[in-house]
1. Could you tell me whether residue 84 is in contact with a Leu (Cβ under 7 Å, 6 or more places away or on another chain), closer than 26 Å to residue 183 by Cβ and modelled with pLDDT under 95?
2. Taking the stated definitions as given, is residue 30 in contact (Cβ under 8 Å) with a residue 24 or more places away in the chain, farther than 21 Å from residue 160 by Cα and not acidic (Asp, Glu)?
3. Tell me, yes or no, whether region 7-29 has at least one residue that is under 17 Å from residue 97 (Cβ atoms), surrounded by 15 or more Cβ atoms within 10 Å (Cβ to Cβ) and of a type in the set (Asp, Glu).
4. Being within 16 Å of residue 164 (Cβ to Cβ) and without any contact (Cβ under 8 Å) to a residue 60 or more places away in the chain is the filter; apply it to region 84-118 and report the residue that is surrounded by the most Cβ atoms within 10 Å (Cβ to Cβ).
5. Taking residue 67 as the residue in question, decide whether it is in a helix (DSSP H, G or I), in contact with a Ser or Thr (Cβ under 6 Å, 6 or more places away or on another chain) and either in contact (Cβ under 8 Å) with a residue 60 or more places away in the chain or among the charged types (D, E, K, R) (or both).
6. Based on what the data block shows, is residue 60 over 16 Å from residue 137 (Cβ atoms) and surrounded by 18 or more Cβ atoms within 10 Å (Cβ to Cβ)?
7. Hey, could you check region 30-48 for residues that are surrounded by 15 or more Cβ atoms within 10 Å (Cβ to Cβ) and among the hydroxyl-bearing types (Ser, Thr, Tyr) and say which is nearest to residue 104 (Cα to Cα)?
8. Would you pick out the residues in region 28-41 that are of a type in the set (A, V, I, L, M, F, W, C) and within 26 Å of the chain's Cα centre (by Cα)?
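The values are calculated or read from the model by the stated rules, or taken from the named source; none is laboratory data. Computed from a predicted structure; not experimentally measured. Because the Cβ atoms are built from the backbone with ideal geometry, glycine has one as well, and the counts that use them run over all protein chains shown.
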Amino acid sequence: MGRWEPDAQGRLLSAALELFAEHGYEATTTAQIAERAGLTKTTLFRLFSDKREIVFQGQSALVELVRRGVSEAPMGANPSELMAGAIGLLSRAHTEDHRRTGRILDPVLAESPELNERAVFKRFAIASTLEKALVDRGVEKREAGILADLGVRAYYSGYELWVASDSPSPLADYVADELSHLEEAATILVRSSAEPATAVGSPRSAT
């Protein structure tokens, strides 16, 4: 049995972020990360398959929050409320430590195609889980897909603003604000599409 290491996952993440900031993602090795964390390479590879997985170690927990947010919502909640509840639960899980991590990690993500690919997969996993959870609660599939896209867009937009801000407001406030703006824009779009179209440049009736 391997030796138990207290908070090995957290130590590896902290070490990885420090090294990425110092040397860049591509130039950092798993051996360097393990050494900086005070752990062996054996321990690192027992927990993670590669350095990319160290960065995204919390993904499964975030996906589970989205699923729970929908499945545990009160009976009678409408589709929009189900989506908003799930995105709210996801947002409230983020702490100031996550904001500090984001400030270090975001520039690294921008420079690494490998990490960007993994980030795209993470976003897809959250969106697809949210869509499936909505369908499981009786929401029509097409509507569930639209709501999932809307909620995930609000979450990521709010996250970017939160990471860049020095305000003490929690992520949930930023995401709720973004979701409100997106829902308002969607309402305007639906309303305008229902109105009779007027041809551009058509002559006005003589009075």
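1. No.
2. Criteria not met by residue 30.
3. Yes; the residues of region 7-29 include at least one that is under 17 Å from residue 97 (Cβ atoms), surrounded by 15 or more Cβ atoms within 10 Å (Cβ to Cβ) and of a type in the set (Asp, Glu).
4. Here the answer is 109.
5. So residue 67 passes the test.
6. Answer is no for this residue.
7. Per the stated criteria, the residue is 30.
8. Listed by number, the list holds a single entry, 33.
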